[in-house]
Amino acid sequence: PGSGTTNTTANVSIGTGWESTQADVSITSLTENRTWITNPGFDGNDNGWTSSPYSTAGYSDVDAYWVDDGHGLFDDCVEVDINSDDSGAPYYYDAGDQAWYRQSVTVDRGDVVWSSFRFDYWADTVDDTHYGMTGSFRLYTNIEGVDVWREVFSDIGAEETWYSTGLTSIDPSTFGLPGDTTITMEVGLHSLASVGYAPNIHPRARFDNVEL
């Protein structure tokens, strides 16, 4: 589904030879199928999204940025990056550091009867000689404060390779509609342990086509 809203007009016909001054219509079981995320493909920019601020607190440098053609020619994406700020081995990382992209949208609708998300992801450790997809790091998706998807680096098949989550269902109780109409979705990279690496491992990840 797309993220736009379209309008349509429905005509109610009456019998041949009849005239009407008023028509009453009852609509039941009306549903809507769409993604509420704006700019899901990061086309040309990361407008509509908020990224984690650049930080050098603790052992790690945390960054997030838009990448031109990062998913292929004329296909942009965003990248999140956690790197040790040590100048020599061992290169330490902080537990709990997160680099992320986040979007909050207003959903002025009633109850959620079914929901899902999907996106493309890519991960890498910069030192390709000593490390593959390893280390104490994971990718995650958080919706309304709940981690609804996690993937540790060791479960990712290959580095610098694009994968898709596929259409993944979310428990409708995750959302507070209709009372709370603001829904926040976040995708990111999470450092799981305070640990040093020699040589430096430098994990990073990319995201694209994020839909909710």
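Per-structure values
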{"read-out": "Cα-based convex hull, the chain, per residue volume (Å³, whole number)", "value": "158 Å³"}
{"read-out": "Among ILE156, PRO172, THR134 the positive-end extreme of the charge dipole of the chain (Cβ point charges)", "value": "PRO172"}
{"read-out": "Loop-resident sites, the range 60-151, for chymotrypsin sites (Phe, Trp or Tyr not before Pro), counting at most 13 other Cβ within 10 Å (DSSP)", "value": "PHE74, TRP114"}
{"read-out": "Using θ = phi - 60° and Karplus 6.51 cos²θ - 1.76 cosθ + 1.60, couplings along the range 36-48 (whole Hz; Gly, Pro as x)", "value": "8, 6, 9, 6, x, x, 6, 6, x, 5, 10, 4, x"}
{"read-out": "Diffusion constant of the range 60-152 at 4 °C, which comes from Stokes-Einstein with the Kirkwood Cα-pair radius and 1.567 mPa s, µm²/s", "value": "80 µm²/s"}
{"read-out": "Radius of gyration, Dmax [the range 1-100; alpha carbons; angstrom]", "value": "25.9, 90"}
{"read-out": "Theoretical FRET efficiency, 1/(1+(r/R0)^6), r = Cβ-Cβ of THR161 and GLU32, R0 35 Å, to 0.05", "value": "0.50"}
{"read-out": "Sequence-separation-based contact order of the chain, relative, with Cα cut under 8 Å and 6+ spacing, percent", "value": "27 percent"}
{"read-out": "Computed over the range 113-169, Kirkwood Rh from alpha-carbon pairs, angstrom", "value": "12.6 Å"}
{"read-out": "Average accessible surface area per residue within the chain, 1.4 Å rolling probe, Å²", "value": "54 Å²"}
{"read-out": "Karplus-derived HN-Hα couplings along the range 17-26 (A = 6.51, B = -1.76, C = 1.60, θ = phi - 60°), whole Hz, x at Gly and Pro", "value": "x, 8, 10, 9, 10, 7, 10, 9, 10, 10"}
{"read-out": "Length gained when the stretch TRP18-ASP68 is fully extended (0.36 nm per residue, less Cα-Cα span)", "value": "11.8 nm"}
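The values are calculated or read from the model by the stated rules, or taken from the named source; none is laboratory data. In this text, all values refer to a predicted model and were calculated from it rather than measured experimentally. Please note: Cβ atoms are built from the backbone with ideal geometry, for glycine as well, and neighbour counts cover all protein chains shown. All accessible areas refer to the heavy atoms of the entire protein, side chains included, with ligands and DNA or RNA removed. Shrake-Rupley method; radii C 1.70, N 1.55, O 1.52, S 1.80 Å.
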